1. Considering only protein heavy atoms, with the full assembly of protein chains and a 1.4 angstrom probe, order TRP81, TRP70 by accessible area, largest first.
2. Along the Cα→Cβ direction, 7 angstrom out, place labels at GLN72 and GLU90. What is the inter-label distance in nm?
3. Is there a quick way to get the dipole size of the stretch 60-192? I mean about its Cα centre, with the Cβ of Lys and Arg at +1 and of Asp and Glu at -1; what is the value in debye to the nearest 20?
4. In nm, give the distance between the simple-model label positions of ASN178 and THR113, each being 7 Å from the Cα along the Cα-to-Cβ direction.
5. What FRET efficiency comes out for the pair GLU28/LEU185, r = Cβ-Cβ distance, R0 = 45 Å, nearest 0.05?
6. Could you please put ARG161, ARG10 in sequence from largest to smallest accessible area, using a 1.4 Å probe?
7. Accessible area per residue of the chain at 1.4 Å probe, in Å²?
8. Starting from the residue with the highest accessible area, list THR106, THR46 in decreasing order, probe 1.4 Å.
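The values are calculated or read from the model by the stated rules, or taken from the named source; none is laboratory data. Source: prediction; values computed, not measured. Don't worry about glycine lacking a Cβ; one is built from the backbone with ideal geometry, like all the others, and counts go over all protein chains shown. With ligands, DNA and RNA removed, areas are computed over all heavy atoms of the protein, side chains included. Shrake-Rupley method; radii C 1.70, N 1.55, O 1.52, S 1.80 Å.
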Amino acid sequence: MTIEQDLYSRSEGCCELCGVSENIHVLEVPPRTGGKVDDCVLICQTCSEQIEYPDRVDVHHWRCLNESMWSQVPAVQVLAWRMLKRLSGESWALDLLDMLYLDEETLEWAEATGESDTDEETVKHVDCNGVVLEAGDTVMLTKDLTVKGAGFTAKRGTAVRGISLVPDNPEHIEGRVNGQQIVILTKFVKKT
Ligand SMILES: [Zn+2]
């Protein structure tokens with residue numbers, strides 16, 4: 001059997017998200033590209049268009065997830081999860097999302113396209129006043145800092161130009177003081 005035939009028998013020829021039987025086609029759920037049945041869903045034009053173009057989303061159309069999110073097919077769960085995540089401004093969508101349990105592998109797949117990024121803001125670095133720091137900023141030290149292993153003290157008031165941010169630690173930035181690249185705690189700097 002071809003993938004299409006497999007999918008038709010799995011879904012009885014209906015869109016696996018909203019259940020209509022017109023204008024349906026096979027969609028491989030990104031980022032998978034293996035062309036396996038398990039990576040694909042049968043989907044209608046309306047659903048696939050709204051998935052692809054977030055600005056065309058008709059919120060009410062997605063009430064269909066109320067049913068389809070309980071599908072046993074991981075690929076369908078992934079699409080349902082991503083769509084609910086996108087609609088999580090709606091309280092009904094948030095409620096459904098709370099109920100939708102994905103196993104570890106499926107969740108990883110669902111998150112792989114970064115649909116959840118808007119929710120969980122990436123790490124923010126802020127100075128002693130709560131001002132957001134960006135790579136390349138100049139900061140001033142707000143206290144004398146003993147630089148371990150370098151044998152000098154970076155004096156309060158020292159300007160550090162062109163800082164870089166330590167990606168996975170919001171409390172750490174790096175900058176050059178006395179010609180040496182050192183790690184500085186964000187709470188001891190002030191953006192200038
Ligand atoms: Zn549909």
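1. Working: TRP81 20, TRP70 130 Å².
I get TRP70, TRP81, largest accessible area first.
2. 2.8
3. Working: 14 positive and 21 negative charges, 256 e Å.
Here the stretch 60-192 has a charge dipole of around 1220 debye.
4. 5.2
5. Working: r = 46 Å, r/R0 = 1.03.
Between GLU28 and LEU185 the formula returns 0.45.
6. Working: ARG161 165, ARG10 75 Å².
Largest accessible area first, the list is ARG161, ARG10.
7. Numbers: 11240 Å² over 192 residues.
Heavy-atom accessible area per residue stands at 59 Å².
8. On the way: THR106 5, THR46 70 Å².
If we order THR106, THR46 from most to least accessible, we get THR46, THR106.
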